[in-house]
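**Q** So that we are looking at the same thing, I have put the structure below in structure tokens.
The numbers here are math on the coordinates, done by the rules we state, and not lab data. Every value quoted in this text rests on a predicted model; they were computed, and no experiment measured them. We place every Cβ from the backbone using ideal geometry, glycine too, and count neighbours over all the protein chains shown.
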């Protein structure tokens with residue numbers, strides 16, 4: 001999979017943008033639980049009062065509060081409050097706008113807690129804080145009458161008493177005091193609560209909307225990047241396959257090459273869309289969530305660690321079970337495609353032999369194997385989600401249980417528990433997303449390996465590092481020098497020690513029994529295969545030393561099986577040279593004896609050929625293939641048994657017209673019929689890969705037993721003598 005990523009170099013800015021946006025989204029997502037906690041703790045429990053920094057306070061209350069402060073704090077507080085109003089004859093002080101509310105709150109909290117406690121425990125004999133005052137003496141009056149040294153000593157004793165009280169209890173007591181003071185001086189506390197919840201709610205909606213927008217943008221960029229990668233991979237695979245020799249295509253198989261170009265690339269594309277979205281996002285959220293959770297309550301961090309370990313254990317077990325099966329899936333898809341391709345291409349034969357039931361069973365067998373493996377994988381992976389949900393719910397229960405004890409002892413608030421649960425869920429969901437990727441990643445990894453296997457396959461037919469030019473004085477000359485050829489992994493040569501020359505202006509024909517090596521021999525000329533031993537020269541140069549494109553530009557090749565492409569007849573004729581005129585197209589059709597049937601088709605040369613040329617007959621397809629080679633006007637014509645589907649009359653006319661336009665060209669013909677080649681300038685007789693005779697028809701009838709046997713098996717002695 002990592003090898004595929006090197007093709008993301010062109011998308012490096014997209015990758016960086018995604019990573020940056022993932023940090024932004026993670027920050028937004030991890031900020032939301034803070035505001036959830038504030039809604040509950042401050043908005044609901046504290047009535048919208050955030051801390052002890054009271055914004056409005058009566059003069060009597062302010063005078064009481066400063067009694068419990070040292071001189072520095074007292075001076076700071078009095079400097080940050082100013083007279084603004086009166087209420088029922090009492091002066092109201094308001095906190096200045098430029099004040100540091102956190103510092104004011106830290107100074108005010110303990111005095112408020114003490115006063116609140118004093119007010120509630122005046123009549124209680126079990127008061128924890130004792131002031132040792134004479135009966136009937138007011139605490140506030142006593143403190144106001146004390147000198148600085150006496151008051152400092154009393155405050156020191158009070159601070160010793162309350163130092164073990166949790167900060168949350170002090171803050172809660174201070175907030176309650178603030179709320180009571182607001183009510184005493186006529187401030188609408190309900191409005192404070194409503195406005196606080198409304199303000200925090202709007203912030204949460206904004207954060208959620210921003211996170212959604214960033215998430216959509218990430219998916220948009222990721223999808224474009226993945227589509228670009230898929231395009232690159234398809235291009236790489238296709239261009240590589242186009243350059244394959246027949247041997248590589250045979251090794252991998254056409255169905256497998258199609259699967260690798262389509263299904264395998266799609267698997268990689270799907271994973272890349274989610275890979276950056278999940279694999280990068282999950283660690284960011286996970287680490288950020290742990291840090292946030294520890295700030296909320298570090299004592300419960302072990303719960304997260306246990307949950308993550310449980311999730312990883314589940315993922316590892318499922319990986320061990322599923323990965324071997326993912327390797328099989330792609331191979332089974334190849335097999336299914338192979339069977340489907342064979343059945344569709346062989347439908348006429350299947351129907352002719354009434355063998356539909358057998359082929360249905362063969363397809364069903366391949367289909368069942370693929371289905372069985374897919375079901376196993378899906379069943380194994382379906383086990384993941386219930387286990388993950390069980391872990392998540394169990395974690396929630398443990399957090400609530402521990403959090404409830406924290407609330408009871410005053411070290412936590414209800415909102416903190418809710419925030420902690422959210423952080424924990426975000427952490428677990430991050431690992432859950434990674435585990436969900438485990439379903440896609442193994443299969444995509446297999447697909448990536450199959451894709452790279454094609455891309456990294458070394459070419460067996462390739463250009464030399466030191467290319468040479470063709471010799472113009474030997475234009476069209478084809479020369480075999482002690483040429484032998486053996487198929488890869490074969491035990492013997494199919495062509496052995498071939499020595500012959502095909503000169504321009506001559507027609508050289510090849511004939512022999514089935515399997516004698518005729519087609520293999522001429523397939524060496526355009527380098528569909530490379531010779532094993534010896535040299536093959538074109539225009540006086542070894543074909544291994546010239547540019548492949550230039551070599552094939554010199555050759556007009558007509559294969560045994562006529563191949564046409566989707567498009568019009570004109571498009572197919574111009575396939576070898578799209579710059580030729582319509583006049584040249586008509587001339588090629590005339591020579592190939594195709595004008596008559598083309599003129600009867602709707603649209604003539606603009607008639608649309610269907611896929612594989614299924615809407616024309618075999619003979620028509622063969623003539624159009626010949627016309628395509630003629631229109632190219634090459635130096636060398638190669639006809640690989642290309643007249644077999646023609647009747648004798650059409651064959652004779654075509655060869656007669658062909659002779660007129662190939663007077664200075666090299667023509668190589670492979671044929672099974674004696675009538676097609678008996679007028680050739682040179683006939684090469686092959687038997688088991690060896691040349692057993694070279695000469696004209698008359699010479700071979702006298703000197704070559706193999707040729708004579710082939711000729712007599714097709715024509716009578718009288719026909720051969722009159723030929």
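**Q** Which shape class applies to the stretch 156-303: rounded if a/c is under 1.5, otherwise prolate when a/b exceeds b/c and oblate if not, where a ≥ b ≥ c are the square roots of the Cα gyration tensor eigenvalues?
**A** In terms of gyration-tensor shape, prolate.
**Q** Moving on. Compute the Rg to Rh ratio over the stretch 484-612 from the alpha carbon atoms, using the Kirkwood formula for Rh, and round to two decimal places.
**A** Ratio value, two decimals: 1.04.
**Q** Express the relative contact order of the stretch 551-706 as a whole percentage, based on alpha carbon pairs under 8 Å and six or more residues apart in sequence.
**A** Here the relative contact order equals 26 percent.
**Q** Sort 432, 155, 309 so the one with the fewest other Cβ atoms within 10 Å of its own Cβ comes first.
**A** Ordered by Cβ neighbours within 10 Å, fewest first: 309, 155, 432.
**Q** Find how many whole Å separate the alpha carbon centroid of the stretch 37-92 from the alpha carbon centroid of the stretch 649-688.
**A** Taking the Cα centre of the stretch 37-92 as reference, the centre of the stretch 649-688 is 112 Å away.
**Q** In what sequence do 102, 539, 416 fall when counting other Cβ within 10 Å, fewest first?
**A** 102, 416, 539
**Q** Before anything else, pin down the relative contact order of the stretch 378-528: Cα pairs under 8 Å, at least 6 apart, normalised by residue count, whole percent.
**A** 12
**Q** Would you compute, from DSSP H runs of 4+ residues alone, the mean residue ellipticity of the chain at 222 nm, taking -39500 (n - 2.57) per run and dividing by the full residue count, rounded to the nearest 500?
**A** When only DSSP H runs of four or more count, the value is -20000 deg cm²/dmol.
**Q** Pairs of alpha-carbon atoms within less than 8 angstrom and 6+ residues apart define the contacts here; what relative contact order does the stretch 243-455 have, in percent?
**A** 46
**Q** Ok, one more. Ranked by Cβ crowding within 10 angstrom, fewest neighbours first, how are 598, 483, 468 ordered?
**A** 468, 483, 598
**Q** With labels modelled as points extended 7 Å from the Cα through the Cβ direction, what inter-label distance (nm, one decimal) is found for residue 702 paired with residue 247?
**A** 4.3
**Q** Quick check: the angle from helix 414-455's long axis to the longest principal axis of the chain, C-alpha only, nearest 10 degrees?
**A** Relative to the chain, helix 414-455 is tipped by roughly 10 degrees.
**Q** Expected output is a single nm value to one decimal: the length gained when fully extending between residue 617 and residue 149, i.e. 0.36 nm times separation in residues minus the C-alpha distance. What is it?
**A** 156.6 nm
**Q** May I ask what percent, to the nearest 5, of DSSP beta bridges between residues of the chain are antiparallel?
**A** Beta bridges within the chain, antiparallel portion: roughly 60 percent.
**Q** A follow-up question, please. First measure r as the distance between the Cβ atoms of residue 188 and residue 100, then evaluate 1/(1 + (r/R0)^6) with R0 = 30 Å and state the FRET efficiency to the nearest 0.05.
**A** So the FRET efficiency works out to roughly 0.70.
**Q** Hey, another quick one. Working from Cα positions, state the angle (0 to 90°, nearest 10) between the long axis of helix 12-38 and the longest principal axis of the chain.
**A** With rounding to tens, the tilt is 30 degrees.
**Q** Right, here's the next one. Going by average Cβ density within 10 Å per residue, which order do the peptides 626-634, 391-399 take, highest to lowest?
**A** Final packing ranking: 626-634, 391-399.
**Q** What FRET efficiency do you get for residue 263 and residue 13 if R0 is 35 Å and r is their Cβ-Cβ distance, rounded to the nearest 0.05?
**A** Working from the Cβ atoms, E equals 0.75.
**Q** Quick check: the angle from helix 101-120's long axis to the longest principal axis of the chain, C-alpha only, nearest 10 degrees?
**A** 50
**Q** What is the distance, in nm, between label points placed 7 Å from the Cα along the Cα-to-Cβ direction at residue 74 and at residue 660?
**A** Computed distance between label sites residue 74 and residue 660 equals 12.7 nm.
**Q** Take the alpha carbon atoms of the stretch 560-633, find their radius of gyration, then divide it by 2.2 N^0.38 Å using N residues; give the quotient.
**A** Output field value: 0.94.
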